1. Return yes when Thr54 is modelled with pLDDT of 95 or more and either charged (D, E, K, R) or under 53 Å from the mean Cα position of the chain (by Cα) (or both) and no when it is not.
2. Report whether or not Pro169 is modelled with pLDDT under 75, over 41 Å from the mean Cα position of the chain (by Cα) and exposed (fewer than 10 other Cβ atoms within 10 Å of the Cβ).
3. Sort out which residues of region 81-127 are loosely packed, with under 10 Cβ neighbours inside 10 Å and outside any helix (DSSP H, G or I), and write them in order of number.
Amino acid sequence: MKTQETGTSGTPRAPGTSGTSRAQGARYAPGTRARLPRAGEVRKVRGGSSGPVTRRLGPDHEPLRLALLTTAVLTVGTIFGAAAFHVLLVQSQFRLDRLNHQAATAQQRYEQLRLDVAQLSAPERVVAAAQERLGMVVPPNVAYLMAPAPNLAEPLSGAAESEWSRVKPHLAAQP
C-alpha cells in the first residue's frame, strides 16, 4: 500500500516534491530538497578533483551585468571626483590664506608709511631740519611787502598794444 505524502500545511502533495509551493518561485529536484538552479544562475558545483566550479550567468542576465558595471564605474568616478574637488578646495583655501596674509602685511606697511609721512611733515621737524642741515635762522622781525593793485580802469599803454598786435596773428593760427 502506498502512503500519501503531505506537506507542512497537512495538505497532500505529489510524491517527489517538497513542502514549498511553486507559487513562491522555488523549483526542487524530484525526490530531494535541493533547489534547482534557474536559467543562467551562477552556482558553485562540488565534485571533481579541481575544486568548486562556477557556472556563468547566461545572456538573459546581460542587462543586469551592464547595470552593475555602470553603477560601479559611476561610484568610483564619483569618489574620484569628490576627492579631486576636495583637493581643489584645499588648494584654494591655502591661496586665500596666503593672500589674506599678504593683505595684512601690506596694510601694516601702509599704516607705518602714513605715520612716517605725518612725522616728517610736522612743522617742528621741518624747522629743525632747516636750521640743522641748511643753516637757516629765524629772522628777528618779519616784514610783509604789499604789491600795488592794478588799475583796470586805465586802457593799455601804446607799447603793450603794439606788442599785442604783433603776437595775435601767431596765436590765431593755432587751434
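1. In short, no.
2. Values: modelled with pLDDT under 75: no; over 41 Å from the mean Cα position of the chain (by Cα): yes; exposed (fewer than 10 other Cβ atoms within 10 Å of the Cβ): yes.
Spelling it out, it is not the case that Pro169 is modelled with pLDDT under 75, over 41 Å from the mean Cα position of the chain (by Cα) and exposed (fewer than 10 other Cβ atoms within 10 Å of the Cβ).
3. Of everything in region 81-127, just one residue is loosely packed, with under 10 Cβ neighbours inside 10 Å and outside any helix (DSSP H, G or I), namely Ser121.
The values are calculated or read from the model by the stated rules, or taken from the named source; none is laboratory data. A quick note: this is a predicted structure, and the numbers were derived from the prediction, not measured. Every residue, glycine as well, gets a Cβ built from its backbone with ideal geometry; the counts of neighbours run over all protein chains shown.
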